[in-house]
1. Would you work out which of 158, 248, 58 lies farthest towards the positive end of the dipole of the chain? Charges go on Cβ: Lys and Arg +1, Asp and Glu -1.
2. Report, ordered by chain and residue number, the lysines lying within cross-link reach of residue 55, taken as a straight Cα distance under 26 Å and ignoring same-chain residues fewer than 8 apart.
3. What number comes out for the charge environment of residue 110, summing +1 per Lys or Arg and -1 per Asp or Glu over other residues with Cβ under 10 Å away?
4. With unit charges on the beta carbon (Lys/Arg positive, Asp/Glu negative), name the residue among 93, 68, 79 whose Cα is farthest towards the positive pole of the charge dipole of segment 54-106.
5. Using amide H atoms built in the peptide plane, which far-off residues or other-chain residues are under 5 Å from residue 137 H to H?
6. For segment 85-132, place one equal point scatterer on every Cα, skip the solvent, and apply the Debye formula. What is log10 of I(q)/I(0) at q = 0.18, 0.25 Å⁻¹?
7. In sequence order, what are the phi-derived ³J(HN,Hα) couplings for segment 120-133 according to the Karplus relation 6.51 cos²θ - 1.76 cosθ + 1.60 with θ = phi - 60°, rounded to whole Hz, with x for glycine and proline?
8. Quick one: pull the percent of accessible area on segment 30-181 belonging to carbon and sulfur, 1.4 Å probe, ligands and nucleic acids left out.
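The values are calculated or read from the model by the stated rules, or taken from the named source; none is laboratory data. Just so we're clear, the structure is a prediction, and the values are computed from it rather than from any experiment. Don't worry about glycine lacking a Cβ; one is built from the backbone with ideal geometry, like all the others, and counts go over all protein chains shown. Just so you know, the surface numbers come from the protein's heavy atoms only, side chains and all, with ligands and any DNA or RNA stripped out. Shrake-Rupley method; radii C 1.70, N 1.55, O 1.52, S 1.80 Å.
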Amino acid sequence: MSLIGKNAVVTGAAMGIGQAVAVRLAKDGADVAIIDINEEGLRETAKLVEAEGRKCLPVVCDLLDRDAIKASFDKIKKALGFIEILHNNAGQSARQASKPFGETDIEQWDFVVDLNLRATADCTREVCSEMRERGTGRIITTATSYVYWGGEGVTDYTAAKAGVIGFTRSLALELAPYGVTVNCVCPGVTMTRALEQVPKNVMDEAISKIPMKKAGTPECLAGAVSFFASPGSWYVTGTHLLVNGAQILI
C-alpha cells in the first residue's frame, strides 16, 4: 500500500488496461479519478475501485476536446486535490478501419495521432506545472511495442506512439531536476476486449511468435504502471518498459 495518500488519474479507464491500472493503483492505496468517453464502462471501473476501499471519481470526457480536458482536470483537482500520478492510457489504432499507408485518409490519421499523442500532451499539461512546483509527481503513458517492430496497417498508430516515447524522454529531462519522473510502458499482445474480436487463427499465429507462448493481460501492464507510480521508482525516468513476453528485446 505504498500509494496511500496519493491521488491518481487514469485516462481510457473504462475497460482493458486502463481499468486494470485504476484497480491496481487503488489496491496500492491511491484514490483514483478515471476518465473515458464510455460512461457505462466508467461506472463498472468505479465499482471495482471502490471495492478496494478507495475513492473513485468517474469523469466522462472526449479527449479530442481540449476544453473538455481542462474542465475535467479542474473538476478532479477540486474534488481530490493535488494529482501526483497521471497515467495517460487512452488511445487506439483505427482497428477494423486500419489499412495500408497509401490508402489511409487524412481524417483517420488525424484521429489516431490526436487521440494517442496530442491528448497525452494535453492531459500532461494539466498536471505537470503543479508537480514541478511541489517537487513530486509520476507521469506514465501507454505506448506500444509496435514502435520497435512495426505493423502492417498501423503506420498512424505506430507513428503516434513513437511520438509518445519521444515526448516521454524530452519531458523527463525537463522535469528531472524537480523530482518528477516520466516513463512509459510498451505492451505487446495483450488480451483486451478488442483482441477478443480477432479471429482465433490470427491470434494463435501471433501468440506462436511470442517466446512465452501466451498473450499478456491488462494486469501485467498494471503491475508495470504500479512500479513507475511507486516511491521506489524515484530514480527511474525517461525510460520505457517492454511488457511483451520477450517478443522483442532491446
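1. It is 248.
2. Those lysines meeting the cut-off are 6, 27, 47, 70, 75, 77, 78.
3. Working: positive: 118; negative: 105, 107, 114, 156.
Neighbour charge sum, excluding residue 110 itself: -3.
4. Going by the charge dipole, the pick is 79.
5. 181
6. -0.61, -0.89
7. Result, rounded to whole Hz: 4, 5, 5, 5, 5, 4, 6, 10, 5, 5, 5, 4, 4, 5.
8. On the way: 3600 of 7190 Å².
About 50 percent, which is the carbon plus sulfur part of the accessible surface.
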